[in-house]
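To keep things clear, I will list the structure first and then write my remarks on it.
Since every read-out is calculated from the coordinates, none of them should be taken as a lab result. The shown structure was predicted, so the numbers you read here are calculated from the model rather than taken from an experiment. So basically every Cβ, Gly included, is an ideal-geometry build from the backbone, and we count neighbours across all protein chains shown.
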Amino acid sequence: MCGGRRGRQARVRQHRPLEPPATPAVPRDGLGRLGVIRRLGNPWLRDAITTTVLRQVVRADQARKLYRTWCSTYGTTVDGPRGAFAVVPSPATVLTLTSE
């Protein structure tokens with residue numbers, strides 16, 4: 001607890017680098033040399049839902065492009081350590097959009 005409120009922690013999943021066995025040898029071997037691999041859960045519900053919906057209907061490279069366009073068109077732009085980037089639009093913004 002922090003300041004009387006329940007803090008939210010990111011979910012962490014640990015995977016052994018050699019699992020699953022169907023992983024191609026090149027990335028599996030490269031990751032195996034790094035040791036334990038950790039996958040962090042997405043703490044932003046809106047972002048997680050947007051990503052999941054896009055991945056259900058299009059290929060990964062197209063989903064990335066669509067996601068970035070969606071965020072830059074309707075989301076908020078933020079200055080980061082590697083330049084400006086856009087975050088997922090707020091629910092209020094999405095509700096004002098037309099179906100076109």
(message) I want to make sure I understand the PRE zone here: with the label point 7 angstrom from the Cα of Leu45 toward its beta carbon, which residues in region 65-95 have backbone N atoms less than 16 Å away?
(response) 88-95
(request) Measure off 7 Å from each Cα along the Cα-to-Cβ vector at Thr96 and Arg38, then give the distance between these two points in nanometres to one decimal. (result) 3.9
(request) Could you rank the peptides 82-91, 62-71 by their average count of other C-beta atoms within 10 Å per residue, with the highest value first? (result) 62-71, 82-91
(message) 5 Å is the cut-off here: which amide hydrogens, built 1.01 Å from N in the peptide plane, fall below it relative to Thr76, excluding neighbours closer than 5 in sequence?
(response) Val87
